[in-house]
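Input: a single structure, listed below in structure tokens.
The values are calculated or read from the model by the stated rules, or taken from the named source; none is laboratory data. Please read all numbers here as calculations on a predicted model, not as lab measurements. No Cβ is skipped: glycine too gets one built from the backbone with ideal geometry, and neighbour counts run over all protein chains shown. We work out accessible area using only protein heavy atoms, side chains counted, and drop any ligands, DNA or RNA first. Shrake-Rupley method; radii C 1.70, N 1.55, O 1.52, S 1.80 Å.
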There are 2 protein chains.
Amino acid sequence: MFPNPVPPWIPHPAMSAITPTRAEDYPEWYQQVIKAADLAETSDVRGCMVIKPWGYAIWENIQRRLDAMFKATGHENAYFPLFIPMSFLEKEAEHVEGFAKECAVVTHHRLEPDPEGGLRPAPGSKLEEPLIVRPTSETIIGATFARWVQSYRDLPILINQWANVVRWEMRTRMFLRTAEFLWQEGHTVHATSEEAQEETRQMLEVYADFAENTMAMPVIKGRKTAGERFPGAVDTLSIEAMMQDRKALQAGTSHFLGQNFAKAQEIKFQAESGELTYGWTTSWGVSTRLVGGLIMTHADDDGMVIPPKLAPAHVAILPIYRNDDERAEVLKYCDSLKAELEAQTFDGAPVRVKLDDRDIRGGDKKWQWVKRGVPFRAEVGPRDVKGDAVFLSRRDVDGKGKGTPRGEFVGTIASALEEMQQGLFDRAAKLRDEATCEIDTMEEFEKYFAEDAPGGLAYCHFVDGPEMEAKLKAMKLTARCIPLEGKPEKGKCIFTGGESQQRGIFARAY
Amino acid sequence: MFPNPVPPWIPHPAMSAITPTRAEDYPEWYQQVIKAADLAETSDVRGCMVIKPWGYAIWENIQRRLDAMFKATGHENAYFPLFIPMSFLEKEAEHVEGFAKECAVVTHHRLEPDPEGGLRPAPGSKLEEPLIVRPTSETIIGATFARWVQSYRDLPILINQWANVVRWEMRTRMFLRTAEFLWQEGHTVHATSEEAQEETRQMLEVYADFAENTMAMPVIKGRKTAGERFPGAVDTLSIEAMMQDRKALQAGTSHFLGQNFAKAQEIKFQAESGELTYGWTTSWGVSTRLVGGLIMTHADDDGMVIPPKLAPAHVAILPIYRNDDERAEVLKYCDSLKAELEAQTFDGAPVRVKLDDRDIRGGDKKWQWVKRGVPFRAEVGPRDVKGDAVFLSRRDVDGKGKGTPRGEFVGTIASALEEMQQGLFDRAAKLRDEATCEIDTMEEFEKYFAEDAPGGLAYCHFVDGPEMEAKLKAMKLTARCIPLEGKPEKGKCIFTGGESQQRGIFARAY
């Protein structure tokens, strides 16, 4: 439940398209935005969602951009098996601990009629060794890399995979936490620890760049505390964003795996010196969770708001008419307007325009596009045609819209999209900054995160360890990260009173 | 085993990069090309392959092109669950018959330590209803469509999914038949039978266009006989190609499902008349099998040959030098050559150039690119730099290559790629046509498909039914299709002597 009274950073319209509003019930508002914007829906399979075309188109745009960034940093795509032999998981002790408790296990390879009716797994088709549907692919990819790597000349190996993975989560929420999700997982092998650490850091920078400059979502780059590390990693870096309800969202992770997986999977190579040595590996990933991050960063009480760089359509042209004569005239105008807009360039490609000529009520049509979060809506009726204009609304600022000369609209669409992209980032950064503070005592900390307080991101001195973890757990809080760009600063841990060299970030989290 | 003596259509070089050659052992040659060209390898999971970067890059190019064609015909991408509840399969009788015998069954959702050592599926985590890893998604997508369709206004629904699927094949071969494979599956719902049949036909045309104009692989469009139909379909259309060993490959299928799945999944809508009626559905798909088709259509005894439109790189520039001075001079020349080539346009995009500056032996470098099938290799040594030239080889025709002035090379690369694309198609079409004939008696048919005969595609009169199926099965032959563009022609079925109205195509097949 969202804290009451309504915090000042959440506009509270008299009427809104989404029920409930953010202030009334934030978690339910989130589900309703997904429904109203046609992004996804629950499926007939527990914990799995159906990603609908509008939601999938956003994911495709995320993929396209990230894929280009991965390739520009020297990575190649490949594809590895969906299944992992159970024995592979056992090889890395922390890894199995982390994933064995929630995974889909394949035990048979045939169905047969059940004497009691229906079907059953055929007892005669039981697998000698069960297979796990990959929850992440370090083990199976590592086993492959062990064959690829012989000599230092084979390194580095820089691979990315776009794939589906399954983690049997008990409490799921669309996009944020689903049993099956789509993601990319980078996996690399290097000759030295330094190179692998540099790769880990480089990919975190790629994620941060993408989050801020493409998703318009400000993030903090940091290092995870021991309790929050990826199972089997030496070091986990992450980008952390803050949502509108002031809870943190881990939006991407990059792991330095040291030689842990190389040893478990026998990734060995002959160094230039002739010595046989283990490789140093990394892995890094982002997932469809990013779509959840987009929603909770930008959407409002009228529905979705999509940053222009990721919008499947930048402009929706909405023709309005009362009869066939008007229809012909208006559509002709809209067709040529569409062509003119598509001749404009935004973000290195033509402006994307959707002309919605469905024969439905103008008001319904308008609200569908509001809820779907298209950056600009251009309504065109017979009067606009006469005046050589459109009735233009920018999704994040103009609730009502305004008459705009056609030439002005076409001539400024590219810069208007840039402005909106920047505007969304600025708005999110302002909210995040307003909800961030330094806290130096436990009393203050408890007050800041009290149930009826808005909360936010608290920068506190800390000593990593079980005592801190226990206190955080009791308060339903988590250590988000130790900021990479934080200054060293001496202080006292608010949890234990111990000596601290740097502040960490603490928050409620998704 | 390939028929001996070596048939005339297979060039038999004195020395070749691939052992064995096609003539010596075609199936083994196929595996060795995949290995030599770095396309894929077997994995640690039975029947699943690892698609390596060069092979995956070809698949990405296939995806990109097909995806644009699907969108141009009005389809949108979406994503549906990996898992299908067992009871969903049961709803369509033929469908379950077709897929229940070879599927991966998930029965548990947790592992726990086995008292006897290692791990085991936790008995307490047994699922109430087993889940099937999708072998195809008609049933789970149909259940979703049932929610999306209420009224005729919601139709047509035109959806495509890019996904992995699993069929527990007992005899696998890389790309052609693997337990897990990558594919796209289109699924559509229409208000009338005619519309659905038109969609089925339209997507077959898209596949044929893609196969011929992008893959340079000639295909025959046809209708499957009853025994070869997709389980649950009313009608299955396919494109059939012929490989270099004269065996047929089904390269894509498009199914008219009638109301079978709509009835099983309750896809109902209110027609304009007010009546409640079942929808008409289609599904259509192509898979990573296409990469196998590319190999067996174009590769030769030196390795892979990739049609330019699908090649991850069009030109490999191979600098050759003996010392650091030469290296600097040659690399400078190569860098500017690369930039000039990349300024050229082929197939609507910049020419793709790979400059291979690895410090390895020139001969090894050259042979790697030959085996990988890059369309053009440009070797550049100090002498070429002085002469402002390159030593140029086109993969499918010039074994040895020839000195070519740089200006000529750059100025003609686009047309040379076009020529190669067309040349590969023409060569394949010629082989196919030479290996095609009309056969009117069983005696001739048996002779044509005798073990020591080359075989090919036989156009024969037939009467579809169990008698024909039994005779074909005994001869290890299959009915490939009834060509859509065949002329009606009266004749006698060579299997049964019955009256026939049209010839069908018969062949050995993958």
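When A:Tyr56 is evaluated against the numbered criteria (1) under 29 Å from B:Ile140 (Cα atoms); (2) facing another protein chain (nearest Cβ under 9 Å); (3) open to solvent by less than 10 Å² (accessible area, probe 1.4 Å), which criterion, by number, is the only one it fails?
(3)
Kindly indicate the residue of segment A:65-80 that is in contact with a helix residue (DSSP H, G or I) (Cβ under 6 Å, 6 or more places away or on another chain) and within 11 Å of chain B (Cβ to nearest Cβ) and also surrounded by the most Cβ atoms within 10 Å (Cβ to Cβ) among those meeting that condition.
If we take residues in segment A:65-80 being in contact with a helix residue (DSSP H, G or I) (Cβ under 6 Å, 6 or more places away or on another chain) and within 11 Å of chain B (Cβ to nearest Cβ), then A:Phe80 is surrounded by the most Cβ atoms within 10 Å (Cβ to Cβ).
Would you pick out the residues in segment A:304-357 that are free of Cβ contacts under 8 Å to residues at least 40 places away in the same chain, over 14 Å from A:Val380 (Cα atoms) and among the hydrophobic types (A, V, I, L, M, F, W, C)?
Of everything in segment A:304-357, those that are free of Cβ contacts under 8 Å to residues at least 40 places away in the same chain, over 14 Å from A:Val380 (Cα atoms) and among the hydrophobic types (A, V, I, L, M, F, W, C) turn out to be A:Ala339, A:Ala343, A:Ala349.
Is at least one residue of segment B:423-438 loosely packed, with under 15 Cβ neighbours inside 10 Å and assigned to a strand (DSSP E or B)?
yes
Identify, from the list A:Ile317, A:Ile267, the residue that is of a type in the set (Val, Ile, Thr), outside the structural domain of A:Ala233 (by TED's automatic domain parsing) and modelled with pLDDT of 95 or more.
None of the other options fit; the residue is A:Ile317.
Would you mind stating whether B:Thr441 is in contact with a Phe, Trp or Tyr (Cβ under 9 Å, 6 or more places away or on another chain), more than 19 Å from B:Glu240 (Cβ to Cβ), open to solvent by 10 Å² or more (accessible area, probe 1.4 Å) and among the β-branched types (Val, Ile, Thr)?
Values: in contact with a Phe, Trp or Tyr (Cβ under 9 Å, 6 or more places away or on another chain): no; more than 19 Å from B:Glu240 (Cβ to Cβ): yes; open to solvent by 10 Å² or more (accessible area, probe 1.4 Å): yes; among the β-branched types (Val, Ile, Thr): yes.
No, not satisfied.
Only one of these is facing chain A (nearest Cβ under 7 Å) and open to solvent by 30 Å² or more (accessible area, probe 1.4 Å): B:Glu116, B:Glu90. Name it.
Numbers: B:Glu116 fails: facing chain A (nearest Cβ under 7 Å).
Residue meeting the stated conditions: B:Glu90.
Quick one: in segment B:465-510, which of the residues that are over 27 Å from the mean Cα position of the chain (by Cα) and closer than 21 Å to B:Ile239 by Cβ is most open to solvent (accessible area, probe 1.4 Å)?
The selected residue is B:Lys487.
Would you confirm, using the coordinates I've provided, whether A:Glu212 is in contact (Cβ under 8 Å) with a residue 40 or more places away in the chain, outside any strand (DSSP E or B) and open to solvent by 40 Å² or more (accessible area, probe 1.4 Å)?
Answer is yes for this residue.
Return a yes/no flag: does segment B:311-328 have any residue that is within 25 Å of B:Trp29 (Cβ to Cβ), part of a helix (DSSP H, G or I) and out of contact with any helix residue (DSSP H, G or I) (no Cβ under 6 Å at 6 or more places or on another chain).
No; the residues of segment B:311-328 include none that is within 25 Å of B:Trp29 (Cβ to Cβ), part of a helix (DSSP H, G or I) and out of contact with any helix residue (DSSP H, G or I) (no Cβ under 6 Å at 6 or more places or on another chain).
Just give me the residues in segment A:168-197 being within 12 Å of chain B (Cβ to nearest Cβ), aliphatic (A, V, I, L, M) and open to solvent by 10 Å² or more (accessible area, probe 1.4 Å), in sequence order.
A:Met170, A:Leu182
For residues that are in a helix (DSSP H, G or I) and within 16 Å of A:Ile439 (Cα to Cα), tally how many sit in segment A:455-477.
Total meeting the criteria: 3.
In the set A:Gly399, A:Gly486, which member is modelled with pLDDT under 95, under 30 Å from A:Asn213 (Cα atoms) and touching an Asp or Glu at 6+ places or on another chain (Cβ under 9 Å)?
Values: A:Gly486 fails: touching an Asp or Glu at 6+ places or on another chain (Cβ under 9 Å).
A:Gly399 is the lone residue from the list that is modelled with pLDDT under 95, under 30 Å from A:Asn213 (Cα atoms) and touching an Asp or Glu at 6+ places or on another chain (Cβ under 9 Å).
Assess whether B:Gln244 counts as being open to solvent by 30 Å² or more (accessible area, probe 1.4 Å) and modelled with pLDDT of 95 or more.
Spelling it out, it is not the case that B:Gln244 is open to solvent by 30 Å² or more (accessible area, probe 1.4 Å) and modelled with pLDDT of 95 or more.
Conditions (1) within 27 Å of the chain's Cα centre (by Cα); (2) charged (D, E, K, R); (3) open to solvent by less than 30 Å² (accessible area, probe 1.4 Å), marked per residue:
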| residue | (1), (2), (3) |
| --- | --- |
| B:Gly373 | yes, no, yes |
| B:Pro382 | no, no, yes |
| B:Asp388 | no, yes, no |
| B:Leu392 | no, no, yes |
| B:Arg395 | yes, yes, yes |
| B:Lys402 | no, yes, no |
| B:Pro405 | no, no, no |
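Just a yes or no: is a residue in segment B:120-132 among the small types (Gly, Ala, Ser), without any contact (Cβ under 8 Å) to a residue 24 or more places away in the chain, more than 10 Å from chain A (Cβ to nearest Cβ) and out of contact with any Leu (no Cβ under 9 Å at 6 or more places or on another chain)?
Scanning segment B:120-132, I find at least one residue that is among the small types (Gly, Ala, Ser), without any contact (Cβ under 8 Å) to a residue 24 or more places away in the chain, more than 10 Å from chain A (Cβ to nearest Cβ) and out of contact with any Leu (no Cβ under 9 Å at 6 or more places or on another chain), so the answer is yes.
Identify, from the list A:Ile84, A:Ile62, the residue that is buried (at least 17 other Cβ atoms within 10 Å of the Cβ), assigned to a helix (DSSP H, G or I), more than 7 Å from every other protein chain (Cβ to nearest Cβ) and modelled with pLDDT of 95 or more.
A:Ile62
If A:Val189 passes every condition in (1) part of a loop (DSSP other than H, G, I, E, B); (2) in contact with a Gly (Cβ under 6 Å, 6 or more places away or on another chain) but one, which one does it miss?
Evaluating A:Val189 over (1) part of a loop (DSSP other than H, G, I, E, B); (2) in contact with a Gly (Cβ under 6 Å, 6 or more places away or on another chain) leaves (1) as the failure.
Hey, among B:Val33, B:Val45, B:Val50, which residue is surrounded by 17 or more Cβ atoms within 10 Å (Cβ to Cβ), part of a helix (DSSP H, G or I) and not assigned by TED's automatic domain parsing to the domain that holds B:Val374? Working first, answer last.
Numbers: B:Val45 fails: part of a helix (DSSP H, G or I); B:Val50 fails: part of a helix (DSSP H, G or I).
It is B:Val33.
This table checks each residue for (1) under 26 Å from A:Glu205 (Cα atoms); (2) in contact (Cβ under 8 Å) with a residue 60 or more places away in the chain; (3) open to solvent by less than 10 Å² (accessible area, probe 1.4 Å).
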| position | (1), (2), (3) |
| --- | --- |
| A:Ile267 | no, yes, yes |
| A:Gln270 | no, yes, no |
| A:Gly274 | no, no, no |
| A:Tyr278 | no, no, no |
| A:Trp284 | yes, yes, yes |
| A:Arg289 | yes, yes, no |
| A:Gly292 | yes, yes, yes |
| A:His298 | yes, yes, yes |
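Matching residues to (1) in contact with a Lys or Arg (Cβ under 6 Å, 6 or more places away or on another chain); (2) under 20 Å from B:Leu457 (Cβ atoms); (3) not basic (Lys, Arg):
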residue	(1), (2), (3)
B:Met203	no, no, yes
B:Pro218	yes, yes, yes
B:Arg223	no, yes, no
B:Glu228	no, yes, yes
B:Ala233	no, no, yes
B:Glu240	yes, yes, yes
B:Asp245	no, yes, yes
B:Leu249	no, yes, yes
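Residues of segment A:133-159 being in contact with a helix residue (DSSP H, G or I) (Cβ under 8 Å, 6 or more places away or on another chain), more than 8 Å from every other protein chain (Cβ to nearest Cβ) and not in a strand (DSSP E or B), which ones?
A:Arg134, A:Pro135, A:Thr136, A:Glu138, A:Thr139, A:Gly142, A:Phe145, A:Ala146, A:Trp148, A:Asp154, A:Pro156, listed by residue number.
Could you give me the residue pairs with C-beta distances under 9 Å whose first residue belongs to segment B:145-156 and is within 16 Å of A:Ile360 (Cα to Cα) and of a type outside the set (Gly, Ala, Ser), whose second residue is open to solvent by less than 40 Å² (accessible area, probe 1.4 Å) and in a loop (DSSP other than H, G, I, E, B) wherever it lies, and which are 6+ apart or on separate chains?
Filtered contacts from segment B:145-156: B:Tyr152/B:Ala191; B:Tyr152/B:Ala271; B:Leu155/B:Val149; B:Leu155/B:Ala191; B:Leu155/B:Gly279.
What do you reckon, is A:Ala100 open to solvent by less than 20 Å² (accessible area, probe 1.4 Å), at pLDDT 95 or above and within 9 Å of another protein chain (Cβ to nearest Cβ)?
So A:Ala100 fails the test.
Under 7 Å between Cβ atoms, which residue pairs at least 6 apart in sequence (or on different chains) link something in segment B:24-53 that is more than 8 Å from chain A (Cβ to nearest Cβ) with a partner that is in a loop (DSSP other than H, G, I, E, B) and of a type in the set (Asp, Glu)?
Taking only residues 6 or more apart or on different chains, the pairs are B:Tyr26/B:Asp245; B:Gly47/B:Glu169.
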